[in-house]
Amino acid sequence: MDNPKRVVALKLTILARQLGRRFDQSVENQGLSRAKFGVIAVVSRHPGATQRLIAEILEVTEVTAGRLIERLCQDGYLERRANEGDRRAHCVYLTPAATPVLERLGEIASEQENEAFEGISEDELEMLAGLLERMSANISEAREAERNAACG
């Protein structure tokens, strides 16, 4: 492969899978999946989020988010409360039982970040973060342009 853009895109895809698999292996011992952890993490950052917002942030369907939320409510990590502004929607909050799980999963994530970024300087990390942010913006702009073109 002589195309450096393709090499980098492929490497990013492979790295994302590797990071995900590594994290999945670790969180399985905690009785959670990456998907469930993702919901817990979103709710910890956005207390009172609706199912729709959680789905948007995780880039999953509302049905998928709803199933994950329901399981996490059954497991005692989340609770749904009535949304006073919209009777059809519920707001989702962490329960006290989620705090130690969130802390432990945060520790696992930190350990794995340290492994993955071993030997990479702070300056290199900042440069990489900037480059990835630029790529993300490019992709978002392209998606928006496609949506606008499709709408006429």
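Coordinate-derived values only; no laboratory data. The structure presented is a predicted model; accordingly, all values stated were derived computationally and were not measured. Note that we place each Cβ from the backbone using ideal geometry, even for glycine, and neighbour counts take in every protein chain shown.
In the set Ser140, Ser136, Ser121, only one residue is of a type in the set (Ser, Thr, Tyr) and either in contact with a strand residue (DSSP E or B) (Cβ under 7 Å, 6 or more places away or on another chain) or loosely packed, with under 10 Cβ neighbours inside 10 Å (or both); that residue is Ser121. Within the range 31-63, take every residue that is loosely packed, with under 14 Cβ neighbours inside 10 Å and either under 22 Å from Glu113 (Cα atoms) or not charged (D, E, K, R) (or both) and give me the one that is nearest to the chain's Cα centre (by Cα). It comes out as Arg45. Every listed requirement among (1) among the charged types (D, E, K, R); (2) free of Cβ contacts under 8 Å to residues at least 12 places away in the same chain; (3) more than 27 Å from Glu118 (Cα to Cα); (4) in a helix (DSSP H, G or I) is met by Arg71 save one, (2).
Being in contact with a Phe, Trp or Tyr (Cβ under 8 Å, 6 or more places away or on another chain) and farther than 18 Å from Gly31 by Cβ is true for just one of Arg45, Arg81, Arg52, Arg88. Which residue is that?
Details: Arg45 fails: in contact with a Phe, Trp or Tyr (Cβ under 8 Å, 6 or more places away or on another chain); Arg52 fails: in contact with a Phe, Trp or Tyr (Cβ under 8 Å, 6 or more places away or on another chain); Arg88 fails: in contact with a Phe, Trp or Tyr (Cβ under 8 Å, 6 or more places away or on another chain).
So the residue among Arg45, Arg81, Arg52, Arg88 that is in contact with a Phe, Trp or Tyr (Cβ under 8 Å, 6 or more places away or on another chain) and farther than 18 Å from Gly31 by Cβ is Arg81.
Of all the criteria given as (1) without any contact (Cβ under 8 Å) to a residue 12 or more places away in the chain; (2) in contact with a helix residue (DSSP H, G or I) (Cβ under 9 Å, 6 or more places away or on another chain), the one not satisfied by Gly66 is (1).
Remark: pairs (first residue in the range 35-61, without any contact (Cβ under 8 Å) to a residue 60 or more places away in the chain; second residue in a helix (DSSP H, G or I) and basic (Lys, Arg); Cβ separation under 7 Å; 6+ apart in sequence or on different chains) = Lys36/Arg71. Give Leu19, Leu105, Leu10 a once-over and let me know the one that is surrounded by fewer than 14 Cβ atoms within 10 Å (Cβ to Cβ) and either over 19 Å from the mean Cα position of the chain (by Cα) or on the phi < 0 side of the Ramachandran plot (or both). Of Leu19, Leu105, Leu10, the one residue that is surrounded by fewer than 14 Cβ atoms within 10 Å (Cβ to Cβ) and either over 19 Å from the mean Cα position of the chain (by Cα) or on the phi < 0 side of the Ramachandran plot (or both) is Leu10. Kindly list the number of the only condition in (1) in contact (Cβ under 8 Å) with a residue 24 or more places away in the chain; (2) in a helix (DSSP H, G or I) that fails for Leu32. If we test Leu32 against (1) in contact (Cβ under 8 Å) with a residue 24 or more places away in the chain; (2) in a helix (DSSP H, G or I), just (2) comes out false.
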